[in-house]
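Worksheet: one structure, shown below.
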Amino acid sequence: MQESLRGADFLIDAKEKQATAKQAFVFLASLTSKRPMKSDRKRVSAGLRVLIADKEEKLSMTILSTQELKKIYGAGENEVHALDGVNFQVEKGEFVAVVGTSGSGKSTLLHMLGGLDRPTSGSVTVDGKEIFTLKDEELTIFRRRKIGFVFQNYNLVPVLNVYENILLPVQLDGGSPDQTYINEIIDTLGLASKLANLPNNLSGGQQQRVAIARALASKPAIILADEPTGNLDSKTSQDVLSLLKVTGQKFSQTIVMITHNEAIAQMADRVIRIEDGRIVTKEAV
Ligand SMILES: Nc1ncnc2c1ncn2[C@@H]1O[C@H](COP(=O)(O)OP(=O)(O)OP(=O)(O)O)[C@@H](O)[C@H]1O
Ligand SMILES: [Mg+2]
């Protein structure tokens, strides 16, 4: 037992030092007095691969990343380089704010991150999956399971009441809701007394909270929010943002949020600034 543990440690260490399976095999052989056999070597390589995959998974906390992401709209004279080679990473559980002037490429970036639109080149990796290798239909399903969107204009369904709106993504996905979890979201967001209301009987802040509850309901790994407080007064904005932050932490969700509001951006763990389709600063707050 002790020896095999030491062996495992060595294997991981060996990989980090770029050692080969052959060296690992020789080491393992040195632990036993027997002359190693060819089949041992196969086992060692297979074991090495498993251990490395496992270790890499534990080490890698990146949930979202882009690689040389570019988006060009139009052609010829009308060509707009909305994203011009964006590389960035978001760690699991992180709350990142994206700021930048109008037209700098923020919404384009968010759409690419969520797989709502395909890039001209480059890639986006969500939870280990390169999303644009997926076909449209697969991408839709992936998006519904992994990502919750919150838009400035809420996008609630007017003929459904608050509760039905919140459950909609879970039901679209054919899943049965985790009732305890849904109730917790509803309580956290202060919506318990409004469940039977139609969206147009709610204030802007309340509608935004419903949109957040809906985004959280399917337990997405990532929440993408495009100016979620754009239509709200500053007090309500702060309240909604605090709730988003609290629920994000409580349910271990990662949040990427576009905002024009500096005070709101300061509530994030990190602020990314975009100019002309490029990331220009990555500030820790
Ligand atoms: N569908 C489209 N067709 C053509 N050009 C587009 C399209 N969408 C965005 N653009 C252009 O791409 C650039 C980036 O737009 P984007 O919407 O990402 O900016 P933004 O940073 O979100 O701006 P805002 O703060 O005003 O929302 C702009 O020049 C815009 O005009
Ligand atoms: Mg925008």
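Sort out which residues of the stretch 91-104 are more than 23 Å from Asp127 (Cα to Cα) and within 10 Å of ligand 2 (Cβ to nearest atom), and write them in order of number. Let's see the steps before the verdict.
At the first step, the residues of the stretch 91-104 found to be more than 23 Å from Asp127 (Cα to Cα) are 99-104.
Selection gives Gly100, Ser102, Gly103, Ser104.
Return the residue satisfying two criteria in turn: it lies in the stretch 105-126 and is within 16 Å of ligand 2 (Cβ to nearest atom) and among the polar types (S, T, N, Q), and of such residues it is farthest from Gly277 (Cα to Cα).
Checked the stretch 105-126; the qualifying residue farthest from Gly277 (Cα to Cα) is Ser107.
I want to confirm something. Restricting to the stretch 247-260 and keeping residues that are in contact with a helix residue (DSSP H, G or I) (Cβ under 8 Å, 6 or more places away or on another chain) and surrounded by fewer than 20 Cβ atoms within 10 Å (Cβ to Cβ), which single residue is modelled with the highest pLDDT? Give the derivation first.
Keep residues of the stretch 247-260 that are in contact with a helix residue (DSSP H, G or I) (Cβ under 8 Å, 6 or more places away or on another chain), which gives 247, 250-251, 253-259.
Within this subset, residues satisfying the condition of being surrounded by fewer than 20 Cβ atoms within 10 Å (Cβ to Cβ) are 250-251.
Numbers: Lys250: 82, Phe251: 79.
The selected residue is Lys250.
Can you name the residue in the stretch 126-172 that is modelled with pLDDT of 95 or more and polar (S, T, N, Q) and is also farthest from Phe88 (Cα to Cα) among such residues?
Among them, the one singled out is Asn161.
If you scan the stretch 60-78, which residues turn out to be within 12 Å of ligand 1 (Cβ to nearest atom), at pLDDT below 95 and not in a loop (DSSP other than H, G, I, E, B)?
Of everything in the stretch 60-78, just one residue is within 12 Å of ligand 1 (Cβ to nearest atom), at pLDDT below 95 and not in a loop (DSSP other than H, G, I, E, B), namely Asn78.
Taking the condition assigned to a helix (DSSP H, G or I), surrounded by fewer than 17 Cβ atoms within 10 Å (Cβ to Cβ), free of Cβ contacts under 8 Å to residues at least 40 places away in the same chain and polar (S, T, N, Q), does Asn183 pass?
Criteria met by Asn183.
Could you please tell me which pairs satisfy a Cβ distance under 9 Å, a separation of 6+ or placement on different chains, a first residue in the stretch 247-258 that is more than 16 Å from ligand 2 (Cβ to nearest atom), and a second residue that is among the small types (Gly, Ala, Ser) and at pLDDT below 85?
As it stands, the answer is Thr254/Gly248; Ile255/Gly248, since those pairs meet every condition given.
Quick one: Arg270 ticks every box in (1) within 16 Å of ligand 2 (Cβ to nearest atom); (2) within 17 Å of the chain's Cα centre (by Cα) bar one, so which box is it?
Here Arg270 clears every test but (1).
Quick check on my filter: what residues within the stretch 65-90 are away from ligand 2 (no atom under 16 Å from the Cβ) and among the hydroxyl-bearing types (Ser, Thr, Tyr)?
Once the filter is applied, which keeps residues that are away from ligand 2 (no atom under 16 Å from the Cβ) and among the hydroxyl-bearing types (Ser, Thr, Tyr), the stretch 65-90 yields Ser65, Thr66.
Would you confirm whether any residue within the stretch 127-137 is among the acidic types (Asp, Glu) and within 16 Å of ligand 2 (Cβ to nearest atom)?
no
Can you tell me which of Leu189, Leu160 is in contact (Cβ under 8 Å) with a residue 12 or more places away in the chain, under 21 Å from Leu243 (Cβ atoms) and of a type in the set (A, V, I, L, M)? Even if it seems obvious, please write down each step before you answer.
Details: Leu160 fails: under 21 Å from Leu243 (Cβ atoms).
Answer to the check: Leu189.
Tell me, which strands (runs of 3 or more DSSP E) wholly within the stretch 79-132 include 3 or more residues that are near ligand 1 (Cβ under 9 Å from one of its atoms)?
Output list reads 80-91.
Which is more than 30 Å from Thr120 (Cα to Cα), surrounded by 22 or more Cβ atoms within 10 Å (Cβ to Cβ) and within 15 Å of the chain's Cα centre (by Cα), of Leu244, Leu189, Leu224?
Leu244
The values are calculated or read from the model by the stated rules, or taken from the named source; none is laboratory data. Everything numeric here is computed off the predicted structure, so don't read it as measured data. Quick reminder, even Gly has a Cβ in these numbers, built from the backbone with ideal geometry, and neighbours come from all protein chains shown.
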